[in-house]
Amino acid sequence: MSFNSIRIGRLAGIPIGVQPLWLAIVALITWSLGAAYYPDQVTGIAPVASYGLGLLSALLLFASILLHELGHALVARRNGVEIEEIDLWLLGGVARMAGYPKTAGAELRFAIAGPAVTLVIAAAFGAFALALPNSAPAALRAVVEYQAYINTAILVFNLLPAFPLDGGRVARALIWGRIGDITRATKIAAAIGRGFGYAMIGIGVLGTAAGAIGGLWLAAVGLFVVFAARAEEGGLRIRVAFSGREAGRLMSFPAVTVPAAASVAEAVQDYFVRHRYSAFPVMDGDRLVGLVNLKAVERVPAGRRADTPVGQIAIHHPSLVIDEHQDVGELLERPAFQEVGRAVVVTEGGEVGIVSITDVEQVMRALELASAA
Ligand SMILES: [Zn+2]
């Protein structure tokens, strides 16, 4: 589970989360449609009805994006990649996978599944709009036309060949299938993505200078795309470098552990301050309860730290508990590990160690120095 997203339920067994920022986007869409679009389309509409339709439209959009992500998720699952959760955020959604498709064909099917769902939704609303008789209420027509329009816009935007947009993954899968090398394919796809990112920034800045406020948004997305291309490339490089390496050889061992019954205040004084690590495994006797980090401590109000047991705030996530033979390349692909940056290693002897992303990054830098020498 992504720790800053709000869990709203499950679909097909997959947890659905919403980033707090998405709620702001829903409000923004409701407001802009309620204030301008619906009064324009439906003459004499009352403000309450106008904003109500605005909210309905935002929720329908939300459902469309959810179906898009579900399309990705179900295809990934059929290709043997488990989905940890679907998270809705600023640019739409993301299906967080524990792992990556292993072949170019699987990657292509995965990448295309979401846009295929969006295409069906856009076409269905489009057909519905065309089939409406002239006598149909103007409000209904406006709702349907907006969904046809916005889903088409999402489809086109989503197919731009730039990470993290689906088009970027489609491009990589096609190049990968052709040259047979995922590292080089990612490099080429990332370069194309960066090109698109810089173009968006350029057009966005020029547009803003010419008075189009939407240009700012385009420039921001462009910037995001440039960074995402770099992250995709870097992430793959590090996964490739670490696949085949076992966690046991990278872990800090034995780890200093915190008893579950200790209070949060005691944990701060006796562990975080004294040992200066940023996370500790939490043990109830011989049993591992989870992991406590500074972020989890900070979430407990200062006045309640003395009487809250650490066991109660420990993060327990199955993909953050591994054994010493765990492949580090695969661990790096786990969304929970990327989020928390730590995993607990339980050895065959039942002792615990800890692997952190900072350890991995340091080894990566050392490896690069070694290969440059
Ligand atoms: Zn998608």
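What to note about this one:
- Single residue of region 216-253 satisfying the filter (buried (at least 20 other Cβ atoms within 10 Å of the Cβ) and more than 25 Å from the chain's Cα centre (by Cα)) that is nearest to SER371 (Cα to Cα): LEU250
- When region 217-240 is limited to residues that are of a type in the set (D, E, K, R) and out of contact with any Lys or Arg (no Cβ under 7 Å at 6 or more places or on another chain), the one that is nearest to GLU330 (Cα to Cα) turns out to be ARG239.
- Check on ARG305, surrounded by fewer than 14 Cβ atoms within 10 Å (Cβ to Cβ) and either basic (Lys, Arg) or touching a helix residue (DSSP H, G or I) at 6+ places or on another chain (Cβ under 7 Å) (or both): no
- Residues that are at pLDDT 90 or above and either in a helix (DSSP H, G or I) or closer than 18 Å to GLU298 by Cβ (or both) occur at least once in region 248-259.
- Pairs meeting the criteria (first residue in region 20-38 and modelled with pLDDT of 90 or more, second residue surrounded by fewer than 20 Cβ atoms within 10 Å (Cβ to Cβ) and not in a helix (DSSP H, G or I), beta carbons under 8 Å, at least 6 apart or on different chains) are TYR38/ILE45.
- In the set (1) under 30 Å from GLY54 (Cβ atoms); (2) outside any helix (DSSP H, G or I); (3) not β-branched (Val, Ile, Thr), ALA220 fails one condition alone, (2).
- Single residue of region 146-166 satisfying the filter (in contact (Cβ under 8 Å) with a residue 40 or more places away in the chain and part of a helix (DSSP H, G or I)) that is nearest to the ligand (Cβ to nearest atom): ASP166
- Restricting attention to region 109-146, the residues being crowded, with 21+ Cβ neighbours inside 10 Å, of a type outside the set (S, T, N, Q) and under 22 Å from the mean Cα position of the chain (by Cα) number 6.
- Residue within region 200-207 that is among the aliphatic types (A, V, I, L, M), more than 30 Å from MET283 (Cα to Cα) and outside any helix (DSSP H, G or I) present: no
Condition check ((1) within 16 Å of the ligand (Cβ to nearest atom); (2) surrounded by fewer than 14 Cβ atoms within 10 Å (Cβ to Cβ); (3) in a strand (DSSP E or B); (4) not hydrophobic (A, V, I, L, M, F, W, C)) across all residues:
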| position | (1), (2), (3), (4) |
| --- | --- |
| PRO15 | no, no, yes, yes |
| LEU33 | no, no, no, no |
| TYR37 | no, no, no, yes |
| VAL48 | no, yes, no, no |
| LEU56 | no, no, no, no |
| GLY71 | yes, no, no, yes |
| GLY80 | no, yes, no, yes |
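- Note on region 199-214: residues that are surrounded by 13 or more Cβ atoms within 10 Å (Cβ to Cβ) and over 19 Å from VAL226 (Cβ atoms) amount to 1.
- Of all residues in region 353-373, those that are assigned to a helix (DSSP H, G or I), within 25 Å of VAL340 (Cα to Cα) and polar (S, T, N, Q) total 2.
- Odd one out for GLU233, checked against (1) without any contact (Cβ under 8 Å) to a residue 60 or more places away in the chain; (2) not in a helix (DSSP H, G or I): (2)
- Residue within region 250-257 that is out of contact with any His (no Cβ under 8 Å at 6 or more places or on another chain) and either closer than 30 Å to ALA190 by Cα or among the aromatic types (Phe, Trp, Tyr) (or both) present: yes
The values are calculated or read from the model by the stated rules, or taken from the named source; none is laboratory data. All values reported here derive from a predicted model rather than from experimental measurement. Note that we place each Cβ from the backbone using ideal geometry, even for glycine, and neighbour counts take in every protein chain shown.
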